[in-house]
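Everything below concerns the one structure shown next.
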Amino acid sequence: MPPASLSSGRLAAFASPSIALAAMGLPLVIYLPTFYSTEVGLPLAAVGLAFLVVRLLDIGLDPILGALMDRTRSRWGRFRPWLALGAPILTISAGALFIPPEGASFAYLVAALLATYLGYSICYLAQLSWGAALSADYNTRSKIFAWWQGANLSGVILVLAIPALLPAARNDPAFAVHAMAGFILATLPLGALLALALVREPPAPPVLGRPRVGPQAYIRLLLKPTIRRLLATDLLIGAAVGMNGALFFFYFLTVKQFAMADVTLLLFANMIGSLCGTPIWGWLTSRIGKHRAAAVAFAGYAVSLAVIDIMPAGVVALGALILFLAGLTLSAGPFLLRSMMADAGDEDRLEDGVDRTGLLSALFSGTNKLGSALAPGVTFIALQAFGFDPTAAVQPDQALLGLRLLYVWSPLILGIGCALMILKHTLTPARHAEIQQALAVKDALALQQPGAG
């Protein structure tokens, strides 16, 4: 599909499934474990075990799905059929998970989680890979993933707003979970239908080799310098932001002494800032390139944390403004790194003759899931070592210092490190243009060979 055909309407349609996919991530991590232990009545340890085991299995599934998507050939494309398959699986399984029958067992929870994560992985990988394949143009890819990121942030903001907008959800956890389920079950099929109906997938490029399903292809990609740098940056900046997310309420309640309602307001300001920042980074990318724009964003993220640490305690208006400005830096990483991932896929195809877009998407999905799984666990263990007690009305000075080190200074160092790391990214706009020219020649020759394609 040429860049000219990617109008704002088509890009919005392509991104629309991300609203439900992103909205689902929050209750899966925050609300559902508590819901199954308190409302459904399953033992807390059993609920924790179910979520942990299924999550680990889910991470291992991604490279298999990605490689299978790369091998898919159909009149509808490689990735669209997988979205068409995954959307109904996810809709049905999410309904079962969010609205369980009375007396649901441990086995029921495990089965619902397995089906939900399977459907989620299929939809997420299919859409991410489809976005990478929509255009080979350097700047157009940034625009595609900017829309993708905007839809993700919109989904998170909307699902966060449900407990605030529905009075019954504030005091009834079961009602809140069911209301979130209603939002997800309404937006997921609609988003998938819009994307499938309104956005075509370009034909797959000619294939000179044959994609392999197995650890060798996965490891081969991991060892490539460009891809390795992008994955490391994605993992580290994701871990930094994950630490902020895990400690957000603790930090602003105890260190900055805001009331709970005000902390919720600060969170919304931060998320709105992230949504507003998306077009800014897209604009900057067209001026200075993706890797430099990402470096500016990561450095800005580090500076924003330092400002947060010195801002006055308890001043709501100033805090909301600072958190909004800090949020402007947060949206760059997810969409710029995934846009650069698509460019790295072109470099890989030039070297090896095989398009591994699906497998690359699986690699980035893996770093995202690994970071989201590790950040809370490691952070809470370290925080406890500093003597922090979440049930105590007053925290010792050592605990407050530990909270500052973990919320501000550790992510700040990671942000600076990511800025320096991504500045060394060698796949510049000029280099990508050279790769595209070489691929055009290679593809033309491949199409002339008998049996190629």
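Mind putting a number on the dipole of the range 10-201 about its Cα centre? Charges go on the C-beta only, +1 for Lys and Arg and -1 for Asp and Glu, and I need it in Debye to the nearest 20.
Numbers: 11 positive and 8 negative charges, 151 e Å.
So the magnitude is around 720 debye.
Under 13 Å from the Cβ of Gly242, count the other residues' Cβ atoms, weight Lys and Arg +1, Asp and Glu -1, and hand me the total. Mind dumping the intermediate values first?
Numbers: positive: Lys369; negative: Asp234.
Spelling it out: positives minus negatives among the neighbours equals 0.
Here are some pairs, Lys290/Lys442; Lys369/Lys424; Lys256/Lys290; which of them have Cα atoms lying more than 29 Å apart in this structure? Could you put the intermediate results ahead of the total?
Values: Lys290/Lys442 26 Å; Lys369/Lys424 25 Å; Lys256/Lys290 35 Å.
Check vs 29 Å cut-off fails for Lys256/Lys290.
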(request) Would you mind checking the tilt of helix 316-327 against the longest principal axis of the Cα atoms of the chain, expressed as 0 to 90 degrees and rounded to 10? (result) 20
(request) Would you work out the relative contact order for the range 10-201, in percent, from Cα pairs under 8 angstrom that are 6 or more residues apart? (result) 45
(message) If I histogram all Cα-Cα distances within the chain using bins 10 Å wide from 0, what percent of pairs lands in each bin?
(response) 4, 20, 31, 27, 13, 4, 1, 0
(message) What distance in nm lies between label points placed 7 Å from Cα along the C-beta direction at Ala446 and Lys224?
(response) 1.2
(request) Work from the charge dipole of the chain (Cβ charges, +1 for Lys and Arg, -1 for Asp and Glu, about the Cα centre) and give the residue of Leu236, Leu374, His178 farthest towards its positive end. (result) Leu236
(request) Any chance you could give the angle, 0 to 90 degrees and rounded to 10, that helix 225-250 forms with the longest Cα principal axis of the chain? (result) 20
(message) Let's see if you can work this out: charge +1 on each Lys and Arg Cβ, -1 on each Asp and Glu Cβ, no other charges. What is the dipole magnitude of the chain about its Cα centre, in debye to the nearest 20?
(response) 1100
(message) Could you tell me how many cubic angstrom of Cα convex hull volume the range 1-55 has per residue?
(response) 96
(message) Counting only helical runs of four or more DSSP H residues, what would the 222 nm mean residue ellipticity of the chain come to if each run contributes -39,500 (n - 2.57) and the total is spread over all its residues?
(response) -26000 deg cm²/dmol
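Using 0.36 nm per residue, how much length does the chain from Asn139 to Arg55 gain when fully extended, once their Cα-Cα distance is taken away?
Details: separation 84, 0.36 × 84 = 30.24 nm, distance 3.44 nm.
My answer for the length gained is 26.8 nm.
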(message) Loop by DSSP (not H, G, I, E, B), at most 16 other beta-carbon atoms within 10 Å: where is the longest site-free stretch of the chain for trypsin sites (Lys or Arg not before Pro)?
(response) 213-423
(request) Please compute the Cα-Cα pair-distance distribution of the range 10-201 with 5 Å bins starting at 0, giving whole percents from short to long. (result) 1, 8, 16, 19, 19, 15, 10, 6, 4, 1, 0
(message) Given points 7 Å out from each Cα along the Cα-Cβ axis, report the Leu423 to Asp309 separation in nanometres with one decimal.
(response) 2.0
(request) Report the convex hull volume per residue for the range 50-145, counting only C-alpha atoms, in Å³. (result) 108
(request) Go through Ile99, Leu125, Val307 and say which Cα lies farthest out towards the positive end of the charge dipole of the chain; charges sit on Cβ, +1 for Lys and Arg, -1 for Asp and Glu. (result) Leu125
(request) Give me the angle, in degrees from 0 to 90, between the Cα long axis of helix 429-448 and the longest principal axis of the Cα atoms of the chain, rounded to the nearest 10. (result) 50
(message) I'd like to know which of Ala444, Leu221, Gly48 lies farthest towards the positive end of the charge dipole of the chain, counting +1 on Cβ of Lys and Arg and -1 on Cβ of Asp and Glu.
(response) Ala444
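Local charge sum around Val255 (other residues, Cβ-Cβ under 14 Å, Lys/Arg +1, Asp/Glu -1)?
On the way: positive: Lys256, Arg404; negative: Asp262, Asp309, Asp397.
That sum, taken over residues with Cβ under 14 Å, equals -1.
Computed from the coordinates by the stated procedures, all read-outs in this text should not be read as laboratory data. A quick note: this is a predicted structure, and the numbers were derived from the prediction, not measured. Cβ coordinates were reconstructed from backbone atoms using ideal geometry, including for glycine residues, and neighbour counts include every protein chain displayed.
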